[in-house]
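Step one of this worksheet: look at the structure below.
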Amino acid sequence: MPELAEVEYFRRRWNPGVGRKVEKAFLNPKARIGRDVEVKAMTKALVGAKLIESLAAAKQMAFRFTHGAWLGVHLGMTGRLEAGEADREPTPYDHFKLTMSGGKELIFVDPRQFGRVLFWQGVGVPPWWSKIPPAI
């Protein structure tokens with residue numbers, strides 16, 4: 001499991017996407033990381049949406065977009081978030097990718113697929129985010 005400092009580090013790795021619009025969203029259909037995600041609904045909500053902010057609580061991350069869309073990320077044991085240029089050479093472990101305006105990509109890389117991606121769209125914060133206990 002990632003330590004709290006690692007979660008914060010990887011949350012910040014996606015900050016180059018803040019203020020940019022999503023041009024494409026890709027979730028590998030064979031990857032376990034998106035096992036509970038309705039891919040069509042997620043793609044429809046995210047494409048054209050702008051990343052507003054990133055948050056971390058406990059060992060979870062949340063990324064808030066316009067139109068009430070949220071992504072949740074848990075790294076699991078081997079997951080990591082990367083940001084790069086759109087022409088970056090993909091790896092076999094790139095299971096989730098957002099192509100952003102300005103040629104940036106936000107990528108969830110997870111060799112062992114113990115991590116998880118969640119999606120939610122609605123008013124307020126997602127139920128899975130509001131259930132995280134406060135930091136002590």
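Data for the structure
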read-out	value
Residues of region 89-110 classified as in a loop (DSSP other than H, G, I, E, B), surrounded by 15 or more Cβ atoms within 10 Å (Cβ to Cβ) and not aromatic (Phe, Trp, Tyr), total	1
Output for region 116-136, where each listed residue is within 21 Å of Ala45 (Cβ to Cβ) and either of a type in the set (A, V, I, L, M, F, W, C) or touching a helix residue (DSSP H, G or I) at 6+ places or on another chain (Cβ under 6 Å) (or both)	Arg116, Val117, Leu118, Phe119, Trp120, Gln121, Gly122, Val123, Val125, Trp128, Trp129
Matching entry among Leu4, Leu98, Leu27, Leu118 (being over 14 Å from the mean Cα position of the chain (by Cα) and either on the phi < 0 side of the Ramachandran plot or of a type in the set (Ser, Thr, Tyr) (or both))	Leu4
Residues of region 57-75 satisfying the condition of being surrounded by fewer than 18 Cβ atoms within 10 Å (Cβ to Cβ) and either out of contact with any Pro (no Cβ under 9 Å at 6 or more places or on another chain) or in contact (Cβ under 8 Å) with a residue 60 or more places away in the chain (or both)	Ala57, Ala58, Thr66, His67, Gly68
Positions within region 29-59 being of a type outside the set (Lys, Arg) and in a strand (DSSP E or B), in sequence order	Leu51, Ile52, Glu53, Ser54, Leu55, Ala56, Ala57
Yes/no for Glu8 being without any contact (Cβ under 8 Å) to a residue 60 or more places away in the chain, under 21 Å from Ala135 (Cβ atoms) and assigned to a helix (DSSP H, G or I)	yes
Residue satisfying all of: in region 11-49; exposed (fewer than 13 other Cβ atoms within 10 Å of the Cβ) and free of Cβ contacts under 8 Å to residues at least 24 places away in the same chain; farthest from Leu75 (Cα to Cα) among these	Lys40
Of residues in region 121-135 being outside any loop (DSSP other than H, G, I, E, B) and more than 16 Å from the chain's Cα centre (by Cα), the one farthest from Ala49 (Cα to Cα)	Ser130
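Condition check ((1) in contact with a helix residue (DSSP H, G or I) (Cβ under 7 Å, 6 or more places away or on another chain); (2) of a type in the set (Val, Ile, Thr); (3) under 24 Å from Ile132 (Cα atoms); (4) at pLDDT below 95) across all residues:
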position	(1), (2), (3), (4)
Pro2	no, no, yes, yes
Lys24	no, no, no, no
Lys30	no, no, no, yes
Ser54	yes, no, yes, no
Glu89	no, no, no, yes
Lys97	no, no, no, no
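The values are calculated or read from the model by the stated rules, or taken from the named source; none is laboratory data. As the structure is a prediction and not an experimental result, all values here were calculated from the model. Every residue, glycine among them, receives a Cβ derived from its backbone with ideal geometry; neighbour counts consider all protein chains shown.
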